[in-house]
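Below: one structure, written as structure tokens.
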Amino acid sequence: KRQAMGYVPLHVHSVYSPFESMLTVRDAVERAAFLGMEAIGLADHRTLWGHRELVAAAEEAGVKPVFGAELAHASVLDRGGVYHLTVFAETNEGYRNLVALAGLHAAAGGEPRVTREDLSRHAGGLIVLTGCMRGETAQSVMHGNLGRERDVVLRLVEIFGERNVFLELQYHNDEKESFVNEHLVRLAGSTGLPTVVTNNDRFLTREQ
């Protein structure tokens, strides 16, 4: 049985996500340590460039680094569109697969993305969260595609394995997110999949 733990910032974007964040990797790690957080996950858009800095800063701060990325992918149901998926390496194999998937964005041409087949080929050792409001699961809810969010999640389970898929809940004072979260909580109940709470962390303070 999975145990709940204290909040860990997993969906963190740094300056390595261009035009998305004001955070340096070191600032993010030091802030997490100051707030007494045990770990921090870096999930920049389609890149792993911040991971080397994450290792050094986390070691100094006594915080566990979690290595991830926010990937862009074609629909896992072959329905069209490009969506976001939050992916973390659990093992050395997983990190190699994360490197491969990040690299495939550059070779995709046009709008950077990976395909369902790419995800299937490089699924080993990875943990996935269903993503932000631009995730295919959330977008299925938002557009009223009856049952499609369940089909998306079950396809992710088919690709990555049941123990490696989490329904991602976020809230930034947005009613649309509340609507999506309600559906995802019900989906968690019907599928038995766990939820994880994140936010799109891009700033250190409320003022920013």
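Can you tell which of Val165, Val180, Val157, Val185 is more than 21 Å from Leu42 (Cα to Cα), of a type in the set (Val, Ile, Thr) and open to solvent by less than 10 Å² (accessible area, probe 1.4 Å)?
Val180
When the stretch 191-208 is examined, which residues are found to be modelled with pLDDT under 95, of a type in the set (S, T, N, Q) and open to solvent by 50 Å² or more (accessible area, probe 1.4 Å)?
Those that are modelled with pLDDT under 95, of a type in the set (S, T, N, Q) and open to solvent by 50 Å² or more (accessible area, probe 1.4 Å): Thr205, Gln208.
Just one of Leu54, Leu42 is over 29 Å from Leu193 (Cα atoms) and surrounded by 21 or more Cβ atoms within 10 Å (Cβ to Cβ); which is it?
The match here is Leu54.
Every residue in the stretch 168-177 that is in a helix (DSSP H, G or I) and open to solvent by 80 Å² or more (accessible area, probe 1.4 Å), please.
Just the residues of the stretch 168-177 that are in a helix (DSSP H, G or I), to begin with: 175-177.
Correct list: Glu175, Lys176.
Among the residues of the stretch 88-104, write down those that are over 20 Å from Arg163 (Cα atoms) and over 16 Å from the mean Cα position of the chain (by Cα). Give the derivation first.
Filtering the stretch 88-104 for residues over 20 Å from Arg163 (Cα atoms) gives 99-104.
Listed by number, the residues that qualify are Ala100, Gly103, Leu104.
Take the residues in the stretch 15-39 that are touching an Asp or Glu at 6+ places or on another chain (Cβ under 6 Å) and open to solvent by less than 70 Å² (accessible area, probe 1.4 Å), then tell me which one is farthest from Ala106 (Cα to Cα).
Filtering the stretch 15-39 for residues that are touching an Asp or Glu at 6+ places or on another chain (Cβ under 6 Å) and open to solvent by less than 70 Å² (accessible area, probe 1.4 Å), the one farthest from Ala106 (Cα to Cα) comes out as Val25.
What are the residues in the stretch 107-137 that are touching a residue at least 40 places away in the same chain (Cβ under 8 Å) and outside any loop (DSSP other than H, G, I, E, B), if any?
Passing the criteria: Val114, Arg116, Asp118, Leu119, Ile127, Val128, Leu129, Glu136, Thr137.
Return the only residue of Leu126, Leu146, Leu154 being of a type outside the set (Gly, Ala, Ser) and touching a Phe, Trp or Tyr at 6+ places or on another chain (Cβ under 8 Å).
Leu126
Looking at the stretch 134-149 only, could you name the residues that are within 17 Å of Val196 (Cα to Cα) and crowded, with 18+ Cβ neighbours inside 10 Å?
Gly135, Glu136, Thr137, Ala138, Glu149
The values are calculated or read from the model by the stated rules, or taken from the named source; none is laboratory data. Bear in mind the structure is a predicted one, so any value in this text is a computation, not a measurement. Cβ sites come from the backbone with ideal geometry, for glycine too, and all protein chains shown count toward neighbours. Heavy atoms of the whole protein, side chains included, go into the accessibility calculation; ligands, DNA and RNA do not. Shrake-Rupley method; radii C 1.70, N 1.55, O 1.52, S 1.80 Å.
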